[in-house]
Amino acid sequence: MSERCLVTGVAGFIASHLAEKLLQENYEVVGVDYFSDHYAREVKEGNLQELRGQPRFHFAEINLCSAELQPYLDGVSCVFHQAGQPGVRTSWGEDFHIYLKDNVLATQRLLEACKGSAVRRFVYASSSSIYGDALDLPVKESSPARPISPYGVTKLAAEHLCYLYRTNFGVPTVALRYFTVYGPRQRPDMAFYRFITTIHQEQPITIYGDGEQTRDFTFVADAVEANMLVLQAKALQDWHVWNIGGGSRASVNQIITLLERIMERRTVLNYTPPQHGDVRHTWADTSAARRDLGFAPRTSLEEGLQAQVSWQMTKASKR
Ligand SMILES: NC(=O)c1ccc[n+]([C@@H]2O[C@H](COP(=O)([O-])OP(=O)(O)OC[C@H]3O[C@@H](n4cnc5c(N)ncnc54)[C@H](O)[C@@H]3O)[C@@H](O)[C@H]2O)c1
């Protein structure tokens, strides 16, 4: 019988790819999501298209903050907790309560439900945002965690919850700190998605800051692979947290130039002041993930961007 995995936030960008990969590898997948309104339900339904109807996929529309969670853990040996409220810039002000609920409370309730269960691995989707403006680059897992956005604070709080449920109750948690994930089905609020749409529509692009800020970009299949490696890793007796970066560090200006080349179009750039909570640079030291898991990102920035452009163009042509 195939192993059963629970994937939270399965209608989202990363989790929908992960669920597809698990099914390809013959796992059974219980996927849960409540279709938060961070972006349109229609887009999330599209993310589920390949999954719905597959015999080893079971979907439930539930909110982790309120549903009785035990039934969804029945027979589950691995939990991939990808659900969360993403987005740095929208985490200020009134909407912070959504981040508290979907990132902190949802994680705490899921961990409570896992106490004493048969779960042998619990993988939490953390974020490079927990580092804030790191002083030493590339950043190691041992670097100070000093988030500079409310989003980062909630992702770090949930990481701490994972750690303390392991040490107090033996819930077998580990965390993957993703660095800016991109590729087909990227969230519509993310930079690459917006840049590609705007270049295609021949509109000017708004850049926050001078465009010289850099990110370590991770192709979605590489982020998924990191989860698969954790699933298949032999013994993980202790708490581990690993940086998951794609090794494709580039500035926003470099990305625009690359996109202009791929899309064979020129664009006009409007530079506006930097946004609160945006860090200047991210750059992952992934040597721990390489050493412990054999993690090695495979997709170059150019290949990954090509894949995202083709996906977005196909989508646009169907409208
Ligand atoms: N995309 C990135 O670059 C990136 C980088 C670092 C970390 N992460 C983390 O990875 C995870 C996935 O990110 P994504 O970009 O795929 O986001 P996404 O918004 O596409 O997916 C998250 C999904 O979780 C669901 N969800 C949220 N709260 C829930 C709740 N209480 N109950 C049930 N479902 C809930 C949402 O409806 C959504 O479909 C998030 O936890 C995010 O913080 C993402």
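Things to note:
- Output for region 33-65, where each listed residue is in contact with a strand residue (DSSP E or B) (Cβ under 8 Å, 6 or more places away or on another chain) and closer than 23 Å to D95 by Cα: D33, Y34, F35, K44, E61, I62, L64
- Contact annotation: residue pairs with Cβ atoms under 6 Å, 6 or more positions apart or on different chains, pairing a residue in region 8-27 that is touching a residue at least 12 places away in the same chain (Cβ under 8 Å) with a partner that is of a type in the set (K, R), are A11/K44; F13/R185; F13/R187; L23/R56.
- Residue selected from region 137-154 under the condition touching a residue at least 60 places away in the same chain (Cβ under 8 Å) and closer than 15 Å to A289 by Cα, by the criterion surrounded by the most Cβ atoms within 10 Å (Cβ to Cβ): V139
- Region 143-165, residues that are more than 11 Å from the ligand (Cβ to nearest atom), within 24 Å of I255 (Cβ to Cβ) and of a type outside the set (S, T, N, Q): P147, I148
- Qualifying residue in region 123-142 (condition: away from the ligand (no atom under 15 Å from the Cβ) and in contact with an Asp or Glu (Cβ under 6 Å, 6 or more places away or on another chain)): yes
- If you go through region 286-319 and pick out every residue that is over 30 Å from E202 (Cβ atoms), assigned to a loop (DSSP other than H, G, I, E, B) and out of contact with any strand residue (DSSP E or B) (no Cβ under 6 Å at 6 or more places or on another chain), you end up with 5.
- Selection of strands (runs of 3 or more DSSP E) fully inside region 166-261 by the criterion of at least 3 residues being over 14 Å from S128 (Cβ atoms) and away from the ligand (no atom under 15 Å from the Cβ) returns 205-208.
- Within region 260-302, tally of residues that are within 28 Å of A233 (Cα to Cα) and acidic (D, E): 2
- The residues listed here are R280, R291, R298; of these, the one that is of a type outside the set (A, V, I, L, M) and free of Cβ contacts under 8 Å to residues at least 24 places away in the same chain is R291.
- Residue in region 87-101 that is buried (at least 18 other Cβ atoms within 10 Å of the Cβ) and within 20 Å of D238 (Cβ to Cβ) present: no
Quick note: the coordinates plus some simple rules give every number you see, no bench work behind them. Keep in mind that what you see is a predicted model, and the values were worked out from it rather than measured. In this analysis, Cβ positions are derived from the backbone assuming ideal geometry, glycine residues included, and neighbour counts consider all displayed protein chains.
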